[in-house]
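Here the structure comes first, spelled out in structure tokens, and everything after it is commentary.
A short reminder: the numbers here are calculations on the coordinates, not readings from a lab. These numbers come from a predicted model, not from an experiment. All Cβ positions, even for glycine, are placed from backbone atoms using ideal geometry, and neighbour counts span all protein chains on display.
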Amino acid sequence: MLAISLVVVSGLLHAVWNLFTKRSLNKTVFLWWIQVVATVIYLPWAIIAILHRDIPATGWWLLTLTVSVHGLYVTLLSKTYTAGDMSQVYPLMRGVSPLLAPMIGVVLLGEHLSAFGWLGVVCIVVGIWTLGNWRLARKSQAGTLSRAATWLALAVGVSITLYTTLDKITLSYVPAVSLTDASDLGNMVALSVTAFRSGASASEWRVNWRTVLLGGIMAPGGYLLFLYALHQLPLAQLAPMREIGIVFGAILGIVVLKEAQGARRIVAAGLITIGVVVLGIFG
């Protein structure tokens, strides 16, 4: 029950800092600032934790690999948001991992998922894709998603699956906070060139420094909770449950951003919630 609670809180924190990002001036620069703040704030804790752990060479290689995948993820993410609307590409990106991660957990990590657990996975994936309501087209048109944006979004989804799986394995060698801070550092490096070239770093900080500081605590803090949960329950069960954040995001969109929702989004959020509950009880 503790692991499930950690994942739910993690999803809420993820939705909140994504809300901050959506309201920022320059999305890439804002994300870069979050990584800078996160790296600095969590660095002392990360260093102390790693000094108290005897990490073998395998652990260092795994840490390097997963940090590289995290960097690839954030780079692909910025390109995807350039190619397509967030309301369409985000559900597609998040809908890939809940389907692939359980398969990897069962096939490669020797984990088990019950029949009801797989039903929960299906509910989550269907709910996410329904929320996206995307249609494929050769070129960007109103209400459609271009092939370039589609392939980029799918690549982001695959990278999410890869780093989540690698993080699960790396946790056997590296403390969770050290893994999180190393990933933040990798993300910061990956975004630095674009952030510097934009010339918007100073203005973004001047206008949004409060939400940058909060986001710098929430973003790694939320993922840190998820990593602690991975210590207790299988990847196959927890990775799909993490997408409960999309439900929180929809609620924040209604309450804070005054977005129009409609019956489709309510049904989609309900499917995701049902899937999370089924996974938590029967997974």
GNM top mover of R197, R94, R147 - the chain, alpha-carbon springs below 10 Å
R197
Toy charge model, Lys and Arg Cβ at +1, Asp and Glu Cβ at -1: the chain dipole around Cα centroid in debye, rounded to 20, equals 940 debye
Take each complete run of DSSP H in the chain, measure how far its Cα atoms stretch along the helix's own axis, and keep only those covering 18 Å or more with mean Kyte-Doolittle hydropathy at least 0.5; list them.
2-22, 27-51, 57-83, 86-107, 115-132, 147-170, 176-198, 201-230, 262-282
Please compute the length gained on full extension between R210 and L65, using 0.36 nm multiplied by the number of residues separating them and subtracting their Cα-Cα distance.
48.9 nm
Note: T58 to V277 extended length (0.36 nm per residue) minus current alpha-carbon separation gives 75.2 nm
Let me make sure I get this right: for the range 140-207, a, b and c are the square roots of the gyration tensor eigenvalues over alpha carbons, sorted descending. Under 1.5 in a/c it's rounded, otherwise prolate if a/b > b/c, else oblate. Which is it?
oblate
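With the cut-off at 1.5 for a/c, could you classify the range 44-116 from its C-alpha gyration tensor as rounded, prolate or oblate? Intermediate results must be reported in sequence, preceding the final value.
On the way: a/c = 2.67, a/b = 1.29, b/c = 2.07.
Oblate, because a/c is 1.5 or more while a/b does not exceed b/c.
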So for the chain, what are the equivalent ellipsoid semi-axes in whole Å, largest first, each being the square root of 5 times an eigenvalue of the Cα gyration tensor?
27, 26, 17
Based on the Cβ-Cβ distance of V122 and H231, what FRET efficiency does E = 1/(1 + (r/R0)^6) give at R0 = 22 Å, to the nearest 0.05?
0.25
Along Cα→Cβ, 7 Å out, is where each label goes; now give me the distance between the ones at V267 and I47 in nm to one decimal.
5.5 nm
FRET efficiency (V40, I251; Cβ distance; R0 30 Å; to 0.05) is 0.45
Test of understanding: what is the full-extension gain from V9 to S203, defined as 0.36 nm times their sequence separation minus their Cα-Cα distance?
66.7 nm
